[in-house]
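Please read the structure below before turning to the comments.
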Amino acid sequence: MEKNTKIIFAIIGILLAFFLIFILVSVFIGSASLESGNIGLGDTIAVIPIYGEITYGSSDSAYTNPDDIKSLIEEANADSSISAMVLDVNSPGGTPVASEEIMQAIKESKKPVVSWISDSGTSGAYLASSASDKIVASPSSWVGSIGVILQLSDLSEMYKKMGVNKYSLKAGQYKDMGADYRNLTADETKMLQTMVDEEYNYFISLVAQNRNLTTDYVKSIAEGRIYTGRQALNIKLVDSLGGKDKAIQEAADLAGIGDSYNIITMSPPTTFEKILSGITSQLGYSMGEGIGDSNSSSKTQSSYF
């Protein structure tokens, strides 16, 4: 019995020794590979995808949560091996706050950020991109759509035909403003239009500031109009035309690392990874029936689309 125990310990010792040797050899080979390839710390470009609608509160991969993008930008800034970032943008826009949060994270980046617009970089997605050091757009991409929209539905006639008498008890004259069982009053329409106009002017001012343009000029090319990448270049909404490789090289040039670099993709964590990390769902205030109704399947709110 004692002899068998000694044999088992001897085998374990041999296996541990081989494991230690394997680790040392791997580290040596890895270091040699970096040296021979002339790629070391600080010679990496991080690609961060921004796909789909930009909004809070969705774990669907078809959407982009600004908290995820902010975390990735912060991580890239803290990583000494990364010299610059490329935002791979293919998005129609999103909610104002969510879009502005990504924009602010880009502005606060200590390392160069280049946005590459592939199929679409419009409205809120363009606003976020406008904070980048450079914007590269595919020639046939859709760019711009600088505008704000507030979508409402009046289903009162349909409810009548269906024999449905939908109503609410409220405290506050405007609490059910935007409810689908009635139309807006003239006073409510004026109130909401004022808010939309204010958001629109703010949108224009941000783009003007980020792109070093005058507000009058941005206003003249805005109005929710969409441009191709080629048209966007002519009106100064983007800096150059090209594909992802072009954007990556632009980022490398801004970082001063030439044309010898690594490329990594930093993707947001999956829903399962978020659960494992203990990330909880966000809470918010509901504005009641109508605008911002938390019980409605489709919330009514202003959007950068």
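FYI, it's all coordinate maths here, none of it is from the lab. In this text, all values refer to a predicted model and were calculated from it rather than measured experimentally. FYI the Cβ positions are ideal-geometry reconstructions off the backbone, even for glycines, and counts take in every protein chain you see.
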_Per residue of the stretch 194-199, what does 6.51 cos²θ - 1.76 cosθ + 1.60 with θ = phi - 60° give for ³J(HN,Hα)? Whole Hz please, x for Gly and Pro, Karplus curve as stated._
4, 5, 5, 4, 5, 5
_Check which residues have an amide H placed less than 5 Å from Val47's amide H, if you skip close sequence neighbours._
Val86, Ile264, Thr265, Met266
*Summing +1 for each Lys or Arg and -1 for each Asp or Glu, what net charge is found among the other residues whose Cβ lies under 14 Å from the Cβ of Val148?*
-3
*Can you work out the base-10 log of I(q)/I(0) for the stretch 166-271 at q = 0.17, 0.18 1/Å, using the Debye formula on its C-alpha atoms alone?*
-0.97, -1.00
_Amide H within-cut-off set for Glu53, under 5 Å, with H built and near neighbours excluded_ = Thr64
_Order these by the 10 Å Cβ neighbour count, fewest first: Thr265, Thr215._
Thr265, Thr215
_Euclidean distance of C-alpha centroids, the stretch 126-150 and the stretch 184-213, integer Å_ = 18 Å
